[in-house]
Structures are given as C-alpha cells and as structure tokens.
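Here's the structure we're looking at; comments come further down.
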Amino acid sequence: MIVTDRFVFLHLHKSGGSFVNRFLVECMPGCQQVGYHLPRDSIPAAARQLPILGTARNPWDYYVSWYSFQHAMPQPNALFQLASDARRLDFAGTLRNLMRLGDDPRWLAAWMERLPSQLPNRGINLSKDSVAPLAGSGLGFYSFLYRRMYGDVSNTTLIDMARLREGLRDFLPSVGIDLTPTMQEWLRDRAPINTSAHAHYSAYYDAPTRELVAAKDAELIQRHGFRFDEAASIATD
C-alpha cells in the first residue's frame, strides 16, 4: 500500500503492482509506503476518503504467473507446496487443488494450519484470519484476493494490467497530478519489474482447467471484460 496526498494505491498480488509501486516511490516524493499487500480496510484513517487506485489481471494469466513464479523458487510458499503436492503435480493438477479452497473446508483448514496467526508483512501477506472468508465462498483464489483487496470497489479506479502505462497516464491527471517529464520518461522507458518466466498462458490450459477458471472467477472476468485468448502475454508482474 502506498499513500499519497491525492490517492491510495493498493497492491494486488502479481497484478503489476511492483511496477506501480516503483513508479510512485521514484517519481512522487512524499508518498508513504504502508505495509505490503494490505487491503482497503487497512488504509490509515486520515486517508480513507481519498480515491483508491488498484490493478487487475486476466485470471487465466494470473494463475500461470503464480504457478511459474512459485515453481521456480527454491522454497515455494506454503500454498504452492500444498496445492502442488510438493511439486509433484503439474499446472492443471495444482490449479484444481488451488480452486478447492473456497469449497472444501478440510482443504482450506490444511492451508490455514501452515499460515501465521498474524500478518507477516512479506510475500502474499496472509494470516489464518485473513483467509477465513474463503470458506464456502466458491471463489477462485484470485477472485478472493481481489475481493479482499478492493472490497466493494467503491471510490476505486482499477487499471487493467495489460495497459498499466496508459492507465497511469490517464489516472494521474484525473486526481489533479500533472505528468512531469520524469514521469513520462519513466513510463515510456522503464522495463517490466518482478516478472515470471513462462510461455503465453494459453499453452498451460486444457479445456477443463480453462472452464474451471471461467466458473470460479466469473464475476471478476465479467466486470473487467477479460477473455481467454492467444494474444501475447504482458510480462510486467
């Protein structure tokens, strides 16, 4: 989370937030970093009336990025270890397990046992209490993170990760911030940040896993007009 005098930026996991964070820290003096991957109910009281800026990612793309990033780590996080059966499952098997969290109390409990009691302020920054709302929700994992981060999305502008640079150029003037030459140059020339190495997301899906995401993340997909396609993937995670 980054608080400025004009808006608050909320960092949704693997949705272009590292790029936006770096841009704000380097180009907007005076902005305040508050925790990591914190949701809107953690916004400091003095800033709660400010507009909220966030990002959203095509969920089919998100799951491939999450899987690829964790799979490449020497020590993946507890959720990946559980969903992938300690790396023994491929993408499709891991995704099916990941999607069980909102339906199967025993599966969710197995993950909660591995989570800390308090927010660790690192990684995806989840605790036992923060994931409890997943129980019986039927939500896909990305939709859960999205709902936790943005709530009812009131007073919130969400930029599609596929157009981060253009979205920032549009948003800043809307809250009274003129784009300086430094900002323009940064948005034009800065390379993607915190990327995952993987092929286009469509290469990872068979028909059942594609439809699983369509069902579990339906509301988010409809709200943002996302679709499953063969276009070149955006690499700014």
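The numbers here are math on the coordinates, done by the rules we state, and not lab data. Since the structure is predicted, the reported quantities are computational estimates derived from the model, not experimental observations. Positions of Cβ are backbone-derived with ideal geometry, glycine not excepted, and every protein chain shown enters the neighbour counts.
Data overview
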| quantity | calculated |
| --- | --- |
| Filtered residue count, the stretch 131-147, keeping only those that are in contact (Cβ under 8 Å) with a residue 40 or more places away in the chain and either among the hydrophobic types (A, V, I, L, M, F, W, C) or surrounded by fewer than 20 Cβ atoms within 10 Å (Cβ to Cβ) (or both) | 5 |
| Single unsatisfied condition, SER84 versus (1) surrounded by fewer than 14 Cβ atoms within 10 Å (Cβ to Cβ); (2) farther than 20 Å from ARG57 by Cβ; (3) in contact (Cβ under 8 Å) with a residue 12 or more places away in the chain | (1) |
| Near pairs, Cβ below 7 angstrom, 6+ apart or cross-chain, from the stretch 40-65 (closer than 16 Å to ASP160 by Cα) to any residue that is acidic (Asp, Glu) | ALA56/ASP160; PRO59/ASP217; SER65/ASP237 |
| Residues of the stretch 161-216 that turn out to be among the β-branched types (Val, Ile, Thr) and either in contact with a Leu (Cβ under 9 Å, 6 or more places away or on another chain) or on the phi > 0 side of the Ramachandran plot (or both), as a count | 3 |
| Qualifying residue in the stretch 32-49 (condition: β-branched (Val, Ile, Thr), assigned to a loop (DSSP other than H, G, I, E, B) and surrounded by fewer than 22 Cβ atoms within 10 Å (Cβ to Cβ)) | yes |
| Residue within the stretch 149-167 that is free of Cβ contacts under 8 Å to residues at least 24 places away in the same chain and among the polar types (S, T, N, Q) present | yes |
| Some residue of the stretch 184-192 being more than 23 Å from the chain's Cα centre (by Cα) and assigned to a loop (DSSP other than H, G, I, E, B) | no |
